[in-house]
Each structure stands twice: as C-alpha cells, then as structure tokens.
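Heads up, the thing below is written out as structure tokens.
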There are 2 protein chains.
Amino acid sequence: MYRSHSCGELRASHINTEVTLAGWVQKSRDKGFMVWVDLRDRYGITQLIFDEARTPTAMMDKAKSLGREFVIQVTGTVIERESKNAKMATGNVEVLVSKLEILNQALTPPFTIEDMTDGGEDIRMKYRYLDIRRNPVKDSLIFRHKVSMEVRKYLSDQEFIEVETPYLIKSTPEGARDFVVPSRMNEGQFYALPQSPQTFKQLLMVGGMDKYFQIVKCFRDEDLRADRQPEFTQIDCEMAFVEQEDILNIFEGLTRHLLKEINGVEVAEFPRMLYDDAMKMYGNDKPDIRFGMEFGELNTVAQHKEFGVFNNAELVVGIAVPGGNAYTRKEIDKLIDWVRRPQVGALGMVYCRVNDDVTFKSSVDKFYDQEDLAKWAAATNAKPGDLICVLSGETNKVRAQLSALRMELAERLGLRDPKVFAPLWVIDFPLLELDEETGHYHAMHHPFTSPKPGQLELLDTDPGAVKANAYDLVLNGNEIGGGSIRIHDKQIQATMLRHLGFSEEEARAQFGFLMDAFEYGAPPHGGLAFGLDRLVAILGGQETIRDFIAFPKNNSGRDVMIDAPAFLDNDQLKELGLI
Amino acid sequence: MYRSHSCGELRASHINTEVTLAGWVQKSRDKGFMVWVDLRDRYGITQLIFDEARTPTAMMDKAKSLGREFVIQVTGTVIERESKNAKMATGNVEVLVSKLEILNQALTPPFTIEDMTDGGEDIRMKYRYLDIRRNPVKDSLIFRHKVSMEVRKYLSDQEFIEVETPYLIKSTPEGARDFVVPSRMNEGQFYALPQSPQTFKQLLMVGGMDKYFQIVKCFRDEDLRADRQPEFTQIDCEMAFVEQEDILNIFEGLTRHLLKEINGVEVAEFPRMLYDDAMKMYGNDKPDIRFGMEFGELNTVAQHKEFGVFNNAELVVGIAVPGGNAYTRKEIDKLIDWVRRPQVGALGMVYCRVNDDVTFKSSVDKFYDQEDLAKWAAATNAKPGDLICVLSGETNKVRAQLSALRMELAERLGLRDPKVFAPLWVIDFPLLELDEETGHYHAMHHPFTSPKPGQLELLDTDPGAVKANAYDLVLNGNEIGGGSIRIHDKQIQATMLRHLGFSEEEARAQFGFLMDAFEYGAPPHGGLAFGLDRLVAILGGQETIRDFIAFPKNNSGRDVMIDAPAFLDNDQLKELGLI
C-alpha cells in the first residue's frame, strides 16, 4: 500500500489523522524556513507542509530538492490550514510531513502540466503521457469513460446484447479505402480491418440476436482532414423486427438519457426534419438549430429586376444576421472577403441593412426598391437592426456557401453555446448520390439501405429522386449518428447492387455470404451507429475530438509518440511474403 | 412495430389479450384440421394454433405452407392451452391466429436449429448466422455480454477508467509475431496490431490515470493450435502506486464478484501457491486444484535399489489414482500406452496397486519390497484401493508427462466438475526462461516485469534463479489472468533489456518512448490481464471458447463464412505500394 488516501480526499474531518499519500509534485514554494508542496494525483491536489520548527533538517533539505513532477510518497498528519483555499476541495487542510520518500525523479517536463499549458500541439502529442496528466485531457478521458458506461447501461437495460464482431475481415472496395493485413498463413491473401461491423451486425439479426450493440473501433484509410482519425470508435447498433419509428424512439431515448445523466439537461422530444427541408432551410444536412438564421429563398422576389447576377442564378438565398446592421462598411467588406475565400468559394455577396425605422439600405439599391427589399426581409425573417446577406448561384454550391457563412456568423455572435443542446432527426435521405466526376450514382448511406416503400421502381427512371429509410441524428450542427432500415430481401439487395454498378460476380464475391444469409429467413431489421469520439466531444462541450482520445494520430496518420507507422526489417517482410 | 410481445413473454395472465408476435418458425405440426406452429425469437417460443373451425381456409392453407425458419408475423388472441407444457415458460398458453403475414421465406437450413444439432463443426461455421440461432450459441453470446457488463461495472465502481488505446501501433518483434498493416500515406511503412496494450497502459500510469482497464481485442499471428484465435479479447488492467498484494486483492475481488453475480457461487479467499511448488506438486504452473492427486516425489524412496531406470532418472515421481486398484491389467496397459503417445512422451510407466488390506503389488516387485512400496504410498498419499502411477526421467519432462496423466485421469474419473470453481493464485514466477534451442534467456512474462527486490544482482550470476513480481490467476486448471509489477526505473529497464539481448539501439528503436517516459516521473505500477474468451467459457462451464465468440476463425485463421483472408486486386496492392 503506497497510500492511505488519495490527494483529492482529505477534508477538515481528517484533521489529526496520520495519512500516507503518493503522487506528483505539482509545484513547491520554498520560503526558506518553510516549504509547501502541492502533491497531485488523478483525484486532486493536497498541500504538504515542511517547516523548520517541526521538520528535521535532512528532510527539509530533501523537500527543498523536489523538482516538478517528482514522484513522492509522504506520511504525515493532517492539520488545519492557516490560509484556507475555498477553490480547492482539500483547501481546508494540509499535511505536515513526517516521512518523505522520493519514488522517482523527473526531468523538467517539456511543457507545463497546467490547465493552460505553454506547450504547442506537436510537443504535447510527442509527450502525450505528460499531456494526459493535465486536467483538460485527463478529465476528457474520464468523461469518455462515463459516457461509454452510460451507453452500455442504457442499451443493456433495453435488452441489447453487446457482441464482439471480428477485426480481421475481408476487404470490400465499396466506400472508403480499407486498411489491410497480410496473412502469413495464407500467402498472398489479406484480411481487412472493418470500416464498420455493418455486415456482421446484419448477420447477427439474421441469427436472431434481435438487439445488438457494440462500442467498437472502426478503420478508414482516408486522406485525413483535420479532426479525422484513421481509427475511430462507433456505438454500433442494430435491431430486428423494427421500422424506422422504433429505431428513432430507442436512440432518441439513449441520447436523452445521456444528456440527462451526463449533462444534467432535460431535452424535449427531438424535432424531425426532412432532408430536403434541411437543405432548403439550412443548406446542410446537419443543421445547427441552436439558433435561427434560416435561409430565405429569394428567387421570386429578386429575379424580376435588371440585376443579371441574380437573374442568371439557379438560386438566390439569404439569411438575416441578428443585429448585423451595426456592422461597419469595413466589417461587411471583410465578410465579403470571407465568403470569397477559396474554402467557401462564393463569387460575391449582396447585403441589405434593415434600419431601426424599417427602411432598407442594400448594396444593390440600383436595382431594388424599398418594396422589393421589404420582401427580402420578410423571406429571411429579418428584424430591424439585422443585416441580410444574400448569395446566388448554382443551388448546391450556394447552399453550402451560405451554410458556411451562417455557421461562421453564429460563432462570431456567440450563438453556438456548448452548454445548449439542440438534437434533431434528419430523415428521408436520398438513397443515391450522384458522383459528379464519374456520372455514376453511389449509395449515400451504404448499399444495404432500403428505399422508401414503393420507390424501388423509380431507380430506373429517376434514381436521384429515390428516398431511403435513412436518418441521421444531429446534435448542435454535428452528425452524431446515422442509420437506416436495411434491405432484408435477397432480390431487392441484388437489384440495388446492380444499380450501384456491381456485376453479378462482384456482388457474389463481396457480399455473397450476406445474400446467402438473406435466403435463410432474414427478419426486417435496421440500425444506427453513433460516432463516439464526436458524441463525447460535443457532450463535453468541445468542438474537437482530440482531447477525448488517449493516443490520437496526427493528420498524416502518424502516432508521433511511438513513431508509427515504421519500417519493418526484411526478415519480417519475407515471412509475410511481401518481398 | 412488428410485435406487441416477444415470443418468451406470454403467460396465463395474458389470456384473452390480442397480441402481435414476430419470429421464426421453429417447427409446425399439421394434423389436417389443426396446425400448430412453434414461433421462436431470442426470448423464447410461443405456440401458435390454426384450426379449421376458427381459421379461414385461406389462412389455414398459408399456415400449412410455412416451412422451417420462415419469418412470420402473426396477430391473434392468447388462449389457454389444452395440453399444457410445464417445460416451456409460455407453456400454459397458445395464440389463436387471426392474421398471418410471411415476412420472409427461408430455404431449408443446412442443419437443424436445435440444441443438439445434426450439423458438423465446418458447416456450422460456414453458416454461423444460423448456428447463432441455436440456444447453446445464442445463450453463450448473451452470457459473454453479461460477464463483460459485470466486469465493467465492478471495475468502474472501483474507480478504474476504461481508456481506449490505439489499434494501429508499432511492430515489436519481441514475443509472438505481429499482424502488420501497410500504411498508404507513409509508403513502405507499417503499423502493427497490438498483441496487447502493454506499453500504452504503462504510459497511462506515467500519465497519472491511476487505475486503467479496457476490454480490448488483441492480435497474435501464431501458428494456431486448437482453441486459439488470431484475435482474442483481454480484460486489460493497470494500477499505479501499488504492490503485488494490492493487485491480487483487487482482481481476486473482481473474480469473486463474477463468480457470485454470474454463477451464484461464493468462493473463499483464493489460495496462493509458489510457482516452484506448483511445478513440484502438479508439474504445471496452472494446476487444477478441484481435485487432489498431488505429486509425490520418490527419489529418496526409489533410488536405493537395483532398478536402473529409476536410478538414472533426475526425477522419480508418482500420483495416487483414487480407486485405481480396480483397473484391470488391460486397462493399466492402455494407460501405459496413453503416456507413451508422442503427445505425452513418457517412455513407460511403473505402477503399484494398493490393496484393501494395505498390501502392495507393483510392476517392479522384483526390485522393491512391501516396505519400499509403503513409502511410495506415503509419499503419494495413496489409500487402500488406489493405484500409484510412477514416471521417471528428466525433471521438466517427467513433470509435464505426469501432469498430463493427472488431468486425463481426473477427466475420466469425473473430477473436473464444471460447476465447481477452484481459483488459485500462482506467484513468484521466474523472471527469465531458458530457450533450450538458442541457449538464451528470454522474459517469461514480458520485458517490463520487475524482478523481486534484491534479485537484480542475480541476473549476472544465475539468471534462471531470479524470481519476478509476476503472478497468474488460475481457474480450474486454466490460466485466466496474469500480470506483474512493472519496472518503473529507466536504468533497471535498460539493464533488463540488455540481459534479454537487446542492443542499445534496438532497445531505443523499440521502447525509446517508454524509456523516455520513465524519465519524467513514472510511478510504481503493475497490472494484470484476463483472457476474456477463456474466462467466459470457464464461467459458462465449457472447456472450449468457440461458442463464446460470435464469428470465430478456424485453425488456419480463416473466417470460412465470409471467406477471409482473400486476394486483393492489383489496383489496391499498387495503391498500398505492395507491388
């Protein structure tokens, strides 16, 4: 036993108790005749005191020699502090040390182990084990554990069974790239790491498991964007004998449970929005509805004058920025520069000030009169004091651009409060998505998603119009989960794969086992998967996932701490049949 | 909603309720004027009834058309059964069907979906999704879920934090072979899949996480023996500021909790046995102590006569087989044949009958008199009616041989009752193990295991004698967990790696990050890992793990259901830089 108590545990009630503590030296203050040391462990900080009057000289010297992050063990008596610290849980007491042992020395850490550290991202990643000592990272990992435990508890109470599916599976070129694993015992052959346990969870439904879940690592070999990881964690779920409604209810229940247990927030029934409406009103299939600024489409009220830019546009659409009339001309010009950045890609922006007296002043007054602009204000729900920002162009592009602007402005206006939670179901996603490069349609969700009843016929005539039994759960502008009702009929699955461009042989080679399974009594089924990393970050009030992952990789997919990936020696490559 | 109730739910209290059920046709009995169908889902079986008098003809015909494993949905009224079935939870009622829908047809399954199936191992693996419908497999998976939940609950209550460590790490040639993963973004470089999260959990201790656990997949590319899987699951645990005693207590607590919650068995304090004693008394470092038959060493009482076989042996050792005097000469000859099988490898076996009148009859009466044999009986603790079996030879070999015989006889005698649980700590393992082929010592546990205090010096003079702070938890003759107190001092770790034959460069390349971490304030720490697959199987009263894994691989490491591993196409190989 290295300790009788943790460093977060001692209170006034412990005064006069003899205790043994162990931990790290957070800091020490040496006043010559007195030395205070803050001793830290996972549970908190306790102040130690050494003083000339009560501490033997040798120990006093040893106390003075303690550097930051030394690992020590002390025994001593809990005494009342003279100057109490109400901000610390242990702030009423300190430990007068009678025995001090240095368990391990420490070099000076390359950055400060404080909530606000002086270390940059790169150095903190290299010394991640030191970064984890900092409260923001440590608390994020503990927070993640709590969320995972609550997820398991809730689903288990709902009779879901956690089943471990295999990690060494078969490569399926559909979707993102697979990471593959050469098989030594089957030369020239490869396993693949799962992008998700999709087919296995469907097979579990065929197997009668009825309700399945798994918190599971998934792998995608993508060119990494910021805040993406090659390995990530899903809460993967599937249910048999269900319709979309059943699934929405169950996972709304789970999400509500988490918000309540983890965040202490009670949320009303989640609103539901059609995919088409989300695109129309927010330009985005994962709208942040913590705030308004819904899109107002202006084609009918802006394409009747001589302004060619609008007249030639497929879509003219605006948003009202609350209080935006206060922006100076210079600020508005900066906003225009912002939307013209290549990352956003608008050609320009028309704006219209809404004055307090409900008169209007626009950048296109040459073309539009007060009556016209009043209609813009009505369409965008602009109030006196607002600024209407209007973009125009090709529908999909302009929606994406205005969506980016909406989020940027909301951020600047402080409307994205991380303590407010606005969940939303987006439903009726399209079944297929057109790849503009190849001109081919591919599955928007995945090839196992079922079309809405009666829409299968549309596949031949108007594939882009077919809607799917697919849904996303959106929280604060982030997709935190998505799923679908699956196809459970072999013929429909075959039709779908044919439409996705699979030859019969390809379909057979890749999904033969699933098609076979469908012949032996497959029940109707569907499911959903949450992105745990993202979910945890949002519940934790953060936008980035990295602090919620113990050992993340950088944007090149490297673990800079252990320096992986790395070269193998030739013996190993030979044995694997790779050279 | 496809159902109002599950197939395991209806009781007499539901009589006259209208219900909707969905599931699989387990079997149907067609008496012409009446058809009974057993409808099955995960939760149970409910009997459906269709009869001429009450069922419309069209539905009657449809009911008669139902084949095994068809997926159907029925609505009907719960009625009292005429002939009740006390063996079924739903045996008091049946459902008089008013609406029948076939949700999916089914081909006749390739084996019967019954507890005792007619399907062989191979076909059941190929159609694992059908095998999972069978109670023994389904119940095993549910059992595994329950064990995992209890493990998490217990450890979380003890303030352990589950932290997910990465799967894409770096290859370390020490130990078993790694599975590797080529990195597309870092050409020519490879990740490795973890054989265990060993170094990461140690870094979490350096990071102050204090108590860590994870239920985690691990990977070993070994030539598979029966009942080994290339991917397997560990309950991986680590604690800081602990001594061996603390760890034994915590995980004894966990194991006791599982035995109580899962099996309803209360177990007393776990006995502890020195590794050396286990080898001496059972010839084995994971003795099954559900039964006796401890070894009796006979050198002093068998090497004083003219029997050269014994006199030339390093060890003469025997066990007393309870009631073995009843064996016929033929049976004993078969036993001798058994120990001479190449898998066991003994050259022969000497035996000695203990008669009821406490006289002895041995196969070496030429050399030993009654007085000698009485001493053998005393040493092996043989009782009247027993048979003493004696092997001799080189110590390590003869112990392994006699251990095999002991287990075989216990099996035959029914002494290995799966409902009896006999846990045992085996402690003080040797630090190093001699590789007889190379003449080199390697780490018996792993290179991070600390030697017993004060034994570091022995490394130079008598490395084989150094004992480690290493321990195994043994349950019913299986190692279900093992761990050690780790080295937390950089110098000692460096010394250890040098003794294990690592050059300074190799040590640096492979474990540099860990050695660095030890310089920044590493606390004393240690841990343990349970093999979850094995643990669950034993708690479930089984000797083999396969039914407790949803989608196991065969002995060639293949998943025969999905047919993996498989060949990749050239595009994929090119992109990965493999051709």
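The values are calculated or read from the model by the stated rules, or taken from the named source; none is laboratory data. None of these values were measured; they are calculated from a predicted model. Cβ sites come from the backbone with ideal geometry, for glycine too, and all protein chains shown count toward neighbours. When the accessible area is computed, the model is the full protein with side chains, heavy atoms only, and any ligands, DNA or RNA have been set aside. Shrake-Rupley method; radii C 1.70, N 1.55, O 1.52, S 1.80 Å.
Is at least one residue of the range B:181-192 of a type in the set (S, T, Y) and not assigned by TED's automatic domain parsing to the domain that holds B:T544? Checking the range B:181-192: not a single residue is of a type in the set (S, T, Y) and not assigned by TED's automatic domain parsing to the domain that holds B:T544.
Being in a loop (DSSP other than H, G, I, E, B) and not acidic (D, E) is the filter here, so list the residues in the range A:335-359 that pass it. A:R341, A:P342, A:Q343, A:V344, A:G345, A:A346, A:L347, A:G348, A:M349, A:N355, A:V358, A:T359 - these are the residues of the range A:335-359 that are in a loop (DSSP other than H, G, I, E, B) and not acidic (D, E).
Scanning the range B:46-85 for residues that are assigned to a strand (DSSP E or B) and among the aromatic types (F, W, Y) yields a single hit, B:F50.
Does B:E408 qualify as being open to solvent by 10 Å² or more (accessible area, probe 1.4 Å) and either in a strand (DSSP E or B) or without any contact (Cβ under 8 Å) to a residue 40 or more places away in the chain (or both)? Steps first, please.
Working: open to solvent by 10 Å² or more (accessible area, probe 1.4 Å): yes; either in a strand (DSSP E or B) or without any contact (Cβ under 8 Å) to a residue 40 or more places away in the chain (or both): no.
No, not satisfied.
If only residues of the range A:20-37 that are touching a Ser or Thr at 6+ places or on another chain (Cβ under 7 Å) and surrounded by 21 or more Cβ atoms within 10 Å (Cβ to Cβ) are counted, the one that is farthest from A:D139 (Cα to Cα) is A:V35. Look at the range B:145-166: where a residue is facing another protein chain (nearest Cβ under 7 Å), no partner that is at pLDDT below 95 and part of a loop (DSSP other than H, G, I, E, B) sits 6+ places away or on another chain with Cβ atoms under 6 Å.
Of all residues in the range A:195-222, those satisfying the criterion of being more than 7 Å from chain B (Cβ to nearest Cβ), within 20 Å of A:S556 (Cα to Cα) and not hydrophobic (A, V, I, L, M, F, W, C) are A:Q195, A:R220, A:E222. Of all residues in the range A:67-101, those satisfying the criterion of being under 42 Å from the mean Cα position of the chain (by Cα) and within 14 Å of chain B (Cβ to nearest Cβ) are A:G67, A:R68, A:E69, A:F70, A:V71, A:I72, A:Q73, A:V74.
Within the range B:108-123, residues that are without any contact (Cβ under 8 Å) to a residue 24 or more places away in the chain sit with their Cβ atoms under 9 Å from residues that are small (G, A, S), at 6+ positions apart or across chains, in these pairs: B:P110/B:G119; B:F111/B:G119; B:F111/B:G120; B:T112/B:G119.
When restricted to residues that are among the hydrophobic types (A, V, I, L, M, F, W, C), over 26 Å from the mean Cα position of the chain (by Cα) and under 21 Å from A:W338 (Cβ atoms), the range A:377-407 contains 6. Take the conditions within 23 Å of A:V180 (Cβ to Cβ) and in a loop (DSSP other than H, G, I, E, B) and apply them to A:F551. Does it pass? Taking the combined requirement at face value, the residue satisfies it. A single entry from A:T46, A:T17, A:T77 fulfils the requirement of being of a type in the set (S, T, Y), modelled with pLDDT of 95 or more, farther than 30 Å from A:F551 by Cβ and crowded, with 16+ Cβ neighbours inside 10 Å: A:T77. Is it the case, given these coordinates, that A:L576 is aliphatic (A, V, I, L, M) and facing chain B (nearest Cβ under 8 Å)? Criteria met by A:L576. Note on the range A:86-196: enclosed helices (runs of 4 or more DSSP H) holding 3 or more residues that are open to solvent by less than 50 Å² (accessible area, probe 1.4 Å) and either out of contact with any strand residue (DSSP E or B) (no Cβ under 9 Å at 6 or more places or on another chain) or at pLDDT below 95 (or both) are A:135-157. From the list A:R42, A:R11, A:R29, A:R3, the lone residue that is out of contact with any Leu (no Cβ under 9 Å at 6 or more places or on another chain) and within 14 Å of another protein chain (Cβ to nearest Cβ) is A:R42.
Looking at A:L532, is it in contact with a Ser or Thr (Cβ under 8 Å, 6 or more places away or on another chain), within 12 Å of chain B (Cβ to nearest Cβ) and free of Cβ contacts under 8 Å to residues at least 24 places away in the same chain? When the stated conditions are applied, A:L532 does not pass them.
Among the helices (runs of 4 or more DSSP H) confined to the range B:430-546, the ones with at least 3 residues that are open to solvent by 50 Å² or more (accessible area, probe 1.4 Å) are located at B:458-461, B:490-499, B:504-517. Taking every residue in the range B:504-526 that is free of Cβ contacts under 8 Å to residues at least 60 places away in the same chain and pairing it with any residue that is assigned to a helix (DSSP H, G or I) and open to solvent by 40 Å² or more (accessible area, probe 1.4 Å), at least 6 positions away or on another chain, the pairs with Cβ-Cβ distances below 8 Å are B:E504/B:R498; B:A507/B:R498; B:M515/B:K490; B:M515/B:R508; B:E519/B:K490. Would you confirm whether any residue within the range B:563-572 is touching a strand residue (DSSP E or B) at 6+ places or on another chain (Cβ under 7 Å), modelled with pLDDT under 95 and part of a loop (DSSP other than H, G, I, E, B)? Checked the range B:563-572: at least one residue is touching a strand residue (DSSP E or B) at 6+ places or on another chain (Cβ under 7 Å), modelled with pLDDT under 95 and part of a loop (DSSP other than H, G, I, E, B). One residue stands out among those in the range A:553-579 that are without any contact (Cβ under 8 Å) to a residue 12 or more places away in the chain and open to solvent by 40 Å² or more (accessible area, probe 1.4 Å): the one that is farthest from B:S171 (Cα to Cα), which is A:I579.
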